[in-house]
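Since the structure comes first, as structure tokens, the remarks are kept for the end.
All of the numbers you see were taken from the coordinates with simple rules; none came from a lab. What you see is a predicted model; the values in this text were computed from it and never measured. Note that we place each Cβ from the backbone using ideal geometry, even for glycine, and neighbour counts take in every protein chain shown.
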Amino acid sequence: MDKLKDRYFIRLRHQGEELPERLPLANRETLFRVFIHFLFGKINSLEVWNEKYFDRKVMAKPERINGKLIRKNGITLRQKTLEGGVSIGSAVYDQLANQFREGLYDPESKDGYTNETSNISRFTEEQFDDAMELLTLIHEGKY
């Protein structure tokens, strides 16, 4: 079973859409597929965080008592980064990470990545050939 250090939180924006699409708990293969689509120009922006790093506790608001900085109310970096989301709250992503740790939730399957808003399937033979050709062009410096 995978651990949080092997998973990534991906936030991407498609052309013409205002709200970003969020892909929590994605593995390396899904990250690779999304990155290839980013290189092909189907995605405008792409942000990637490691879920283990995203799970760190940080201070919500720094407070000082008698001149000393104290850690009173800690939240996860995931909540601090994603707060203010319109479609789904950041606390839900913390809950999904906890369910993943317990083995109750995993968006990855043999067919690809599936969650409430996204469905990313494996590359077809043609898409895989296009991706390899693109990576070859990048490696040769022609892209």
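Which whole-percent values make up P(r) of the chain when all C-alpha to C-alpha distances are grouped in 10 Å steps starting at zero?
In order of increasing distance, the bins hold 10, 34, 31, 16, 6, 2, 0 percent.
Which of the listed residues, 79, 141, 41, is farthest toward the dipole's positive end in the chain, when Lys, Arg count +1 and Asp, Glu count -1 at the beta-carbon?
The residue sitting most towards the positive pole is 79.
I need 109, 90 ordered by Cβ neighbour count within 10 Å, fewest first. Numbers along the way, then the final one.
On the way: 109 8, 90 18.
Fewest-to-most Cβ neighbours within 10 Å comes out as 109, 90.
Return a single number: how many Lys pairs in the chain, at a sequence separation of 8 or more or on separate chains, have alpha-carbon atoms below 14 angstrom apart. Please list the in-between numbers first.
Details: 3/52; 5/52; 57/72; 57/80; 61/72; 61/80.
Value for the chain: 6.
Would you mind finding the longest exposed-site-free stretch of the chain, with exposed GluC sites (Glu not before Pro) meaning DSSP loop and at most 15 other Cβ atoms within 10 Å? Spell out each step's value before the answer.
Numbers: sites that count: 17, 18, 83, 116.
In short, 19-82.
Counting each DSSP H run of 4 or more residues in the chain as -39500 (n - 2.57), what helix-only mean residue ellipticity at 222 nm follows after dividing by all residues, to the nearest 500 deg cm²/dmol?
Working: 5 runs with 52 residues, N = 143.
So the calculated ellipticity at 222 nm is -11000 deg cm²/dmol.
Quick one: net charge of residue 39's neighbours, Cβ under 14 Å, K/R +1, D/E -1?
+1
By how many degrees, between 0 and 90 and to the nearest 10, does the Cα long axis of helix 28-40 differ from the longest principal axis of the chain?
The two axes meet at around 60 degrees.
Could I have the simple spin-label model distance between residue 47 and residue 19, label points 7 Å from Cα toward Cβ, reported in nm to one decimal?
Taking the two extended label points, one gets 1.6 nm.
Taking the chain as the reference, fit the longest principal axis to its C-alpha atoms, fit the long axis of helix 90-102 to the helix C-alpha atoms, and give the angle between the two in degrees, 0 to 90, nearest 10.
Between the helix axis and the principal axis of the chain, the angle is about 80 degrees.
Want the number for residue 61 to residue 128: 0.36 nm per residue separation, take away the alpha-carbon distance, what's left?
19.5 nm
Give me 139, 37 sorted ascending by neighbouring Cβ count inside 10 Å, so fewest comes first. Can you show the working numbers first?
Details: 139 9, 37 17.
The order, fewest Cβ neighbours first, is 139, 37.
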